[in-house]
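Novice: Sending over a structure as structure tokens; questions will come in a sec.
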Amino acid sequence: MTLNAELRAFYQARQQQIPAEIREIMQRAGRELADSGRADRALTVGAQAPRFTLPTATGHTLSLDDLLAQGPAVLTFYRGAWCPYCNLALRALQQHHDAITAHGARLVAVSPQIPDESVSLTEKHQLAFDVLSDLGSDTAKQYGLAFDLPDDLAAVYDRLGFDLQRVNDGHPRTLPLPATYVIDRAGTIRWAFVDTDYTRRAEPADILAALDSLD
């Protein structure tokens, strides 16, 4: 099963568990975000990848220049450990981590959550790649990915106990669009996946095909 087939099956099962009024708020927010054109304004193939230096889950920092000094980079943005779709996507990337590194590439994941949350996520899924904290979503903004949750959806997330005020270090409303970039050693984006729909993610097979094209 592909990652997106797994995500779709999870979505369909989950919809039956969500009250109708909450489901409507989520669906309306999704339509509004899609109609906003945010994905079209995100960086894409041919653009120079903005540089960043971000804290890791282990208390260090990692920069894009550090990554590119070793080879191409696979940079994936996700919403946070509280998002079940993100967890499925990160688990799929972990399953393909050896294949990614076999291309000489380094995989990193970026979210707006605090490092403590990244530690828990890394341990839960036994991730072999770095998980970086983009507090305030400054890096996501540079890539054109950051957006603010509407009031009613933010209230729903509060009701569901996601506690974004805490896990996003006082920036509860700002999240990144799901996105994955393959960046070559010169810092040029060579492949991009960006979607306003958080239930869709980059397929690992497509990431590997993009890395193949760099060889």
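The values are calculated or read from the model by the stated rules, or taken from the named source; none is laboratory data. Given the structure is predicted, the values throughout are model-derived calculations rather than measurements. Positions of Cβ are backbone-derived with ideal geometry, glycine not excepted, and every protein chain shown enters the neighbour counts. Just so you know, the surface numbers come from the protein's heavy atoms only, side chains and all, with ligands and any DNA or RNA stripped out. Shrake-Rupley method; radii C 1.70, N 1.55, O 1.52, S 1.80 Å.
Novice: So is residue 79 charged (D, E, K, R) and crowded, with 18+ Cβ neighbours inside 10 Å or not?
Specialist: yes
Novice: Which number in (1) at pLDDT below 95; (2) in contact with a Leu (Cβ under 8 Å, 6 or more places away or on another chain); (3) aliphatic (A, V, I, L, M) marks the one condition that residue 109 misses?
Specialist: With (1) at pLDDT below 95; (2) in contact with a Leu (Cβ under 8 Å, 6 or more places away or on another chain); (3) aliphatic (A, V, I, L, M) applied to residue 109, the lone miss is (1).
Novice: Under 7 Å between Cβ atoms, at least 6 apart or on separate chains: pull out the pairs that start in the stretch 116-128 with a residue that is in contact (Cβ under 8 Å) with a residue 12 or more places away in the chain and end on any residue that is in a helix (DSSP H, G or I) and open to solvent by 70 Å² or more (accessible area, probe 1.4 Å).
Specialist: 125/91
Novice: Please specify each residue of the stretch 142-156 satisfying the condition of being touching a residue at least 40 places away in the same chain (Cβ under 8 Å), within 17 Å of residue 176 (Cα to Cα) and crowded, with 17+ Cβ neighbours inside 10 Å.
Specialist: 143, 144, 145, 147, 149, 153
Novice: In addition: Quick one: which of 180, 139 is assigned to a helix (DSSP H, G or I) and surrounded by 17 or more Cβ atoms within 10 Å (Cβ to Cβ)?
Specialist: Of the residues listed, the single one that is assigned to a helix (DSSP H, G or I) and surrounded by 17 or more Cβ atoms within 10 Å (Cβ to Cβ) is 139.
Novice: Let me ask something else about it. Being in a helix (DSSP H, G or I) and open to solvent by 40 Å² or more (accessible area, probe 1.4 Å) is the filter here, so list the residues in the stretch 183-210 that pass it.
Specialist: Listed by number, the residues that qualify are 205, 206, 209.
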